[in-house]
Structures are given as C-alpha cells and as structure tokens.
Amino acid sequence: MNAKPDVQLPAVSVIMPVLDEERHLRGAVQAILAQEYAGEMEVVIALGPSRDRTDEIAAELVREDPRVHTVPNPTGRTPAALNAAIKASRHPIVVRVDGHGMLSPNYIATAVRLLEETGAQNVGGIMHAEGENAWEDAVAAAMTSKIGVGNAAFHTGGQAGPAETVYLGVFRREALEQQGGYNEEFIRAQDWELNFRIREAGGLIWFSPELRVSYRPRPSVKALAKQYKDYGRWRHVVARYHSGSINLRYLAPPVAVCAIAAGIVVGAAVTPLGFVIPGGYLAAIALGSLPAGKGLSLKARLQIPVALATMHMSWGYGFLTSPKSLARKVIASRRPAVLTQA
C-alpha cells in the first residue's frame, strides 16, 4: 500500500506590535518559535518607541533566529504597528500576537486547521488571563468571569461558532488586504472594528475554545483603569462609526456609572435611600467575586472586587465621556491603508 502523501501546510506570518515589552517579549517570541507546526513561519515585530530594553531584546532575537525580523513603528500606535508588520510580511496566513501574549504549543496548527474546516476569514479563541502576583491574579479572575465581562466568549469560554469578534486573530491575508488592514485612527477597539468590516463584507469570524493565548494583566489599579477607560471610549467610537454595532452588554457599564452617580447624589442631597444603588452594586461585586476567586490566595480574593469595580466604572466612564471629535476624525479616515509589499 502506498503511503499517503504529506499535506503541504500553508506558510504563516506572525505579526507582533510591541511597545515597552521587555518583561515578556522574549518569552512571547520563544512560544511562537516553539510552535508545533511543520509549515514555514516568520515573525515580524513592529517596534514602537520603547523606553525600556524592548529594542535591545528584539535585536537579540533577530540575531538568534533568522525567522525573526523587525520593522519600525515610529507612532507607537497598535494599528499602525499591525499594518506595518502585515506589509513587511509575506505569507498567506497572518497570526496576530501581542508582546505579552503566550501562545499555547499547538495554537498555529489548530488555527490553520480551523480556517480550512470553517472557511472563516479570521479565527480566534480564549484570552486566558494569568497573573504573576496577587493583584494580577485578581484581575485575571475578574477578566475571566461573567460578572466582570458579561458573556464574551473569548474571555469566559463557550461553544465554537460564529462570533462578532475574537481575541487577536488568525487571518487569511486576502481578507486583510480586501479591508485595507486596520483603521489606524482606532487607537483601541481596532480588532472589533476590523472584524465588523469583515463580517459586513460577508466574511465569517470564528471562535473556538481550542485556541488559547495566555495574557498578562495590567500590573496596577491605575494601569487597569486607563486600559478600560480607553476600551469604553473607543468602543463608543465604533458605535458611532458603525451604526447597529452596539448591544446591551456594552451599555451595562455606562448605565451602572449613571445609576451609581445618581444614587450618591440623591443619597447625599435628598434621602439616604439613594445609597441603596451604590450599596447594592458593591454587594453584587463582593458576592460575584467569591466564585471568581476560587483557588486563589486570600490576598488575591480580597482584591477581586477592586478589579471588578475598576473595570466596570472605567469602561463606563470612558464610554460616556468619549468625545464626538474622535468619531469625526475616524470618519475622515475611511480610505484604507495600503498593505501590499513595497
């Protein structure tokens, strides 16, 4: 009996936008290079103006492995970095990885298989938050709980199937080129906005729990608050730019901010009954943190309500205060980027 011939696997380009990533960059790249994938692979790192040793570490990685390349990203903006890396890459499958994301060993092989099986333009999986200290463990628990992020499958898991968006993403290059890549005016929410355009063009976005990327949470309350304020701010821009793209899950944090603020004002100026609303919210996140903190240290469990409140209030505040001038700027940039190689 003749042996079955090997199937030629498509070549893969892994693109990484990095800025101030000295803490995790080497580990993230090593996780890519160690992938259980027999096809050809390259890694293109787009370097922003870092203030730490990121550039030095990237140069070491280039010297150590010929598959690793770098391109400059003088703006430091994530979507510009992604487009620069896409343009500098050359393979038909494009895998997005962040500088602090750790791919599971079979991530690329599984994603390539899912693209073939589903016919999707982009596949992605779970953003598996993992901490390295008590605070980060608390944030990770909040980010993977339904009380923290609602029913977002790429945070909490779920059944494989079509999705509005996925974490990071493994794309067919033609889908990226058809859409002109990422809209560089979207400092945040650029993934959601690109996936919306792909879906509007008839493409399929596919979520699978088989795909898993370890994610390192923000290391402080201040950093987490800024992250979620920016998420809310730019998600409102997406809603203005693409009518019909909002749903009730995204409205919950701004509604909570308004209700709590109103309750405090009423409680202070009219009747103590107004404090029922903020009190009820605090009780809800305290109770909701109990199952989320299962298996964590006492120090981490005690900080989960702080992480939850920071995420909710910052996202809601960012959504409510998102200036309309951002939407006008984005609308003026409808012309897509040019992603073909020079």
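The values are calculated or read from the model by the stated rules, or taken from the named source; none is laboratory data. Predicted model only: the values in this text are computed from it and were never measured. Backbone-built Cβ (ideal geometry, glycine too); neighbour counts: all protein chains shown. We work out accessible area using only protein heavy atoms, side chains counted, and drop any ligands, DNA or RNA first. Shrake-Rupley method; radii C 1.70, N 1.55, O 1.52, S 1.80 Å.
Are there any helices in the chain, counted as whole DSSP H runs, that stretch 20 Å or more along their axis by Cα and score at least 0.5 on average by Kyte-Doolittle, and if so which?
Helices passing the filter in the chain: 248-269, 276-292, 298-321.
Which of the three applies to the stretch 184-324, rounded, prolate or oblate, going by the alpha-carbon gyration tensor with a ≥ b ≥ c and a/c under 1.5 meaning rounded?
oblate
Compute, for residue 315, the solvent-accessible surface of its heavy atoms (probe 1.4 Å) with the complete set of protein chains present, and express it in square angstrom to the nearest 10.
We get 30 Å² for residue 315.
Which of the aspartates and glutamates could a cross-linker bridge to residue 222, judged by Cα under 15 Å and excluding same-chain residues fewer than eight apart?
Within the straight-line cut-off, residue 222 pairs with 136, 230.
Taking DSSP loops as anything outside H, G, I, E and B, show the longest stretch in the chain free of GluC sites (Glu not before Pro) there with at most 16 other beta carbons within 10 Å.
165-342
How far apart, in nm, are the 7 Å Cα→Cβ label points at residue 255 and residue 160?
3.4
Grab the DSSP H runs of the chain that are 4 residues or longer, score each as -39,500 (n - 2.57), total them, divide by all residues and round the 222 nm result to the nearest 500 deg cm²/dmol.
-15500 deg cm²/dmol
Compute the separation of the alpha-carbon centres of the stretch 8-30 and the stretch 77-152 and state it in Å as a whole number.
11
Let's see if you can work this out: charge +1 on each Lys and Arg Cβ, -1 on each Asp and Glu Cβ, no other charges. What is the dipole magnitude of the stretch 94-143 about its Cα centre, in debye to the nearest 20?
240
Taking a ≥ b ≥ c as the square roots of the Cα gyration tensor eigenvalues, with a/c under 1.5 meaning rounded and otherwise prolate when a/b beats b/c, else oblate, which class fits the stretch 238-308?
oblate
Keeping all protein chains in place, calculate the accessible area per residue for the chain (probe 1.4 angstrom), answer in Å².
For the chain, the solvent-accessible area averages 47 Å² per residue.
Please report how far the C-alpha centroid of the stretch 158-181 lies from that of the stretch 278-314, rounded to the nearest whole angstrom.
The stretch 158-181 and the stretch 278-314 have Cα centres separated by 32 Å.
In the chain, what percentage of the DSSP-assigned beta bridges are antiparallel, given to the nearest 5?
30
Given contacts defined as C-alpha pairs under 8 Å and at least six residues apart, what's the relative contact order of the stretch 67-170, whole-number percent?
26
Report in % the part of the accessible area of the chain that belongs to carbon and sulfur, leaving out ligands and nucleic acids; probe 1.4 Å.
After summing per-atom areas, the C and S share lands at 58 percent.
What net charge is computed for the residues neighbouring residue 310, neighbours being all others with C-beta under 12 Å from the C-beta of residue 310, Lys and Arg scored +1, Asp and Glu -1?
With Lys, Arg at +1 and Asp, Glu at -1, the neighbours total +4.
Highest GNM mean-square fluctuation, the chain, Cα pairs closer than 10 Å: which of 205, 108, 285?
Of 205, 108, 285, the Gaussian network model singles out 285 as fluctuating most.
Most mobile of 280, 169, 76 per a Gaussian network model of the chain (Cα springs, under 10 Å)?
It is 280.
What dipole magnitude, in Debye to the nearest 20, does the stretch 160-242 give about its Cα centre under +1 on Lys/Arg Cβ and -1 on Asp/Glu Cβ?
Using only the charged Cβ atoms, the result is roughly 540 debye.
For Cα pairs less than 8 Å apart in space and 6+ apart in sequence, what is the mean separation divided by the residue count of the chain, i.e. the relative contact order in percent?
Computed value for the chain: 19 percent relative contact order.
Shape of the chain from its Cα gyration tensor (a ≥ b ≥ c, root eigenvalues): rounded if a/c is under 1.5, otherwise prolate when a/b > b/c, or oblate?
Cα axes put the chain in the prolate bin.
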